[in-house]
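First up is the structure itself, then whatever we jot down about it.
What follows is calculated from the coordinates using simple rules that are stated; it is not laboratory data. Values in this document were obtained by computation on a predicted structure and should not be read as measured data. Backbone-built Cβ (ideal geometry, glycine too); neighbour counts: all protein chains shown.
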Amino acid sequence: MTNLVPTFLLVLALAAPALAQSSQRGVWSADMNRSVAPCDDFFEFANGAWRAANPIPAAMPRWSRRWAAGESTKEQLQVILENAAGKTSQPKGSVDQLIGDFYGACMNETEANRQGVKPLQSLLARIDAMQSPADVVQMIGTFHELAIPVPFAVFGGSDNNNPAEVIAQVLASGLGLPDRDYYFKPDARFVEAREKYAAHVRKMFVLAGVGEAEAKASADTIVRFEQQLAEASLDNVARRDPKATNHKMHFADLQSLTPTFDWTGYFRRFELSNDDVNVEEPKFLEAVNRLLATAALGDWKTYFKWQLLDSAAPSLSSAFVDEDFAFKGAFLAGATALKPRAIRCAEATDDLLGEALGQKYVARHFPPEAKARVQQMVKNLLTAMSETIRALDWMGDETRERALEKLATFNPKIGYPDKWKDYSSVSVTRDSYWDDVVAARRFGVRDNLLTIGKPVDRGRWGMTPPTSDAYYNPLLNEIVFPAGILQPPAFSMDANDAVNYGAIGVVIGHEISHGFDDQGAQFDAQGRLHNWWAPEDLTRFQERGACVVKQFDGYYIEPGIHHNGKLVLGEAIGDLAGARIAYRAFQLSRQGKPPLPTLDGFTPEQQFFIAWGQFRGDAVRPEFARTMVQNDPHPIAKYRVIGPVSNLPEFQRAFACPANAPMVRPAGDRCSVW
Ligand SMILES: [Zn+2]
């Protein structure tokens, strides 16, 4: 997701219609490693054989049927794009012209290599010509027009206190390493990251034509400059508390917070009126103000040049593409090869013209029957959550009523938007790929900023239709499932209910549960950041969360590198509650129907859990696991499988696990939230 997307958009899910019950498949039994017992190591049992037979491809950081399906989707996009690119004289601004020419320009590697750094030269020259702090302020606006959010970002998002209205949100941003801790932590892996980063910055400057000695000095400047921004930034755990990033203020107060930044000029540039804004991290803006007042102009020039090179590299010559990959793809994610250019161009088209490409994608790959079956599943999941809330023994009636009231407002979005974005004003040609990227980025920035000062448009989507992912937005109480996740193995028209509820059903349950995790539970039925909990219920809820924090603090990827329970709490609650309500919804879906058959020796209940293990379980490269543990609010897949099931009596019963089995947490340690 881009930096223009709210940080609280949370992930994950899928489904299809009814074939004759007898013809529907169960789990993939050949994927399983039946030499281990399900109660000893369920992760290995569910799909260990698939992982052994399918090593992670060189270009991927992790691999499973689910990630393979995501890559297959991109091959489907490639077919659509090649078809569009093969047509000539399409009407200017039509979907085929836009995506065909964008993709066609992207695929022209020869031209990109011929141009080298040339597409950036006029902007690099403008950076060099800056004379004063006022020019720095202007340049920040120029970068924001290009969707390069440095050193902070501004975007339109719902007001936490009145979500029906969109206001300007000002976010901390501007770091080249993944987060604050990378700049300061003494552990060997962070020291190494800083060294590799400095070397990467130096190499990029050399590619841009800077001499070795100056490039080295520039890299040192970048690390030092960004350290000052990092020092004033919240860390990943602190940012999870919505109250810590809720600072609505009048325009005049924003101006007093950062006297050296001309906000009036900035707002005029983007045609915004001087209304109230939310400043997520006021301390960060104070640091920006300090840097504007005191940092050497030369340091600002170096910083802008680096951020431009970093943002543009994937769209430039193969030398830039390769160096960008060496740091982000290889060092941070462990991949050993770039994806094919056609796939990278399909990803870029999806990223920048996603609702144009998405129209073509859903017409081919998301039939109305699939949408109907998923809608029915979502309905059953919401009913299951409602029954769960009604039956909770630790919650008082007043809080319970409010929880049910919140659940009743949930808005599911399935597949694709009802109204497509109109990109016809974007100028796309085959002449220069970087120019196309700039045009599409400018459109994206404007499209978002135009929402400010208006009532929220509930029809907008935060992900494109081909995306193999899902999210919950607490401000709108919406759960959103793009067509890209509603595909096998998450959802299969030819799979039985046990399998579909175990895969996409848990994903749907996971998104619903985000409305009631440590973050989501702070937002009320109207989407306001407003406490609706009776004090004693809130205490009990937090105690239950603390159990999950402790459980995940205990999980590690290698000796000494543990998950951070507080960072993954929301996702872990989502998986635990999601699995439980999906199991319940599966049972609801079978009411009045004949029981599903035992297949390959597995009961329907066992198939449900195996399907979760098969959908969620993946192999992950150690480099990527280290990056995830530091930055990703999602646990690695192994613990997303065994973490929830080891808390669930439903799992213990399904596999008749003894109470002392490794996959059964001792009664005193067992966590249960929803
Ligand atoms: Zn999630």
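In table form, for the structure just shown:
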| item | result |
| --- | --- |
| 14 Å beta-carbon shell around residue 162, net charge (K/R +1, D/E -1) | -2 |
| Fraction of antiparallel bridges per DSSP, the chain only, in percent to nearest 5 | 70 |
| Fewest-first ranking of 94, 646, using other Cβ atoms within 10 Å as the exposure measure | 94, 646 |
| Positive-end residue of 463, 565, 506, charge dipole of segment 446-586 with Cβ unit charges | 463 |
| Antiparallel bridge percentage (DSSP; both residues within segment 137-315; nearest 5) | 75 |
| Reciprocal of mean inverse Cα separation for segment 137-315 (Kirkwood radius, Å) | 17.3 |
| Proximal lysines to residue 566, defined as alpha-carbon separation beneath 25 angstrom and excluding residues fewer than eight positions away on the same chain | 185, 243, 283, 406, 550, 638 |
| Point-charge dipole on Cβ atoms (K/R +1, D/E -1) for segment 17-89, about Cα centre, debye to 20 | 180 |
| Selection from 252, 236, 198 lying farthest towards where the dipole of segment 137-315 points positive, charges on Cβ | 198 |
| Using θ = phi - 60° and Karplus 6.51 cos²θ - 1.76 cosθ + 1.60, couplings along segment 579-596 (whole Hz; Gly, Pro as x) | 5, 5, 6, 5, 4, 5, 5, 4, 5, 4, 5, 9, 4, x, 10, x, x, 5 |
| Extreme residue, positive dipole direction of segment 578-674, given options 659, 619, 648 (C-beta unit charges) | 648 |
| 17 Å Cα-Cα reach of residue 74 towards aspartates and glutamates, excluding residues that sit fewer than 8 places from it in its own chain | 82, 347, 350, 351, 355, 469 |
| FRET E, pair residue 543, residue 241, Förster distance 22 Å, beta-carbon r, rounded to 0.05 | 0.80 |
| Phi-based couplings in Hz for segment 290-302 (Karplus 6.51, -1.76, 1.60; Gly and Pro marked x) | 4, 5, 4, 7, 10, 5, 5, 4, x, 5, 4, 4, 4 |
| Rg over Rh, two decimals, segment 33-118 (C-alpha only, Kirkwood Rh) | 1.26 |
| Cross-link reach list, aspartates and glutamates versus residue 87, counting only Cα pairs under 15 Å and skipping chain neighbours closer than eight places | 96, 101 |
| Around residue 101: net Lys/Arg minus Asp/Glu count, Cβ-Cβ under 12 Å | -1 |
| Likely footprinting exposure, 561, 636, 414, fewest C-beta neighbours within 10 Å first | 561, 636, 414 |
| Amide H contacts under 5 Å for residue 478, placed H, 5+ residues apart | 411, 473 |
| Computed magnitude of the charge dipole of segment 137-315 (debye, nearest 20; Cβ of K, R +1, Cβ of D, E -1) | 460 |
| Residue-averaged [θ]222 nm for the chain, counting only DSSP H segments that reach four residues, each worth -39500 (n - 2.57) | -16000 deg cm²/dmol |
| Spatial separation of Cα centroids for segment 371-447 and segment 307-348, in angstrom | 29 |
| Given charges at beta-carbon only (K, R positive; D, E negative), |dipole| of the chain in Debye | 940 |
| Cβ-defined net charge surrounding residue 346, 11 Å radius [Lys, Arg +1; Asp, Glu -1] | -2 |
| Cβ-based exposure ranking for 281, 623, in which fewest neighbours within 10 Å come first | 623, 281 |
| Kirkwood Rh and Cα Rg combined as Rg/Rh, the chain | 0.96 |
| Rounded to 10°, Cα long-axis angle of helix 188-207 versus longest principal axis of the chain | 40 |
| Packing rank of 655-662, 64-71, 102-109, 260-267, where each peptide gets the mean count of other beta carbons within 10 Å, highest leading | 102-109, 64-71, 260-267, 655-662 |
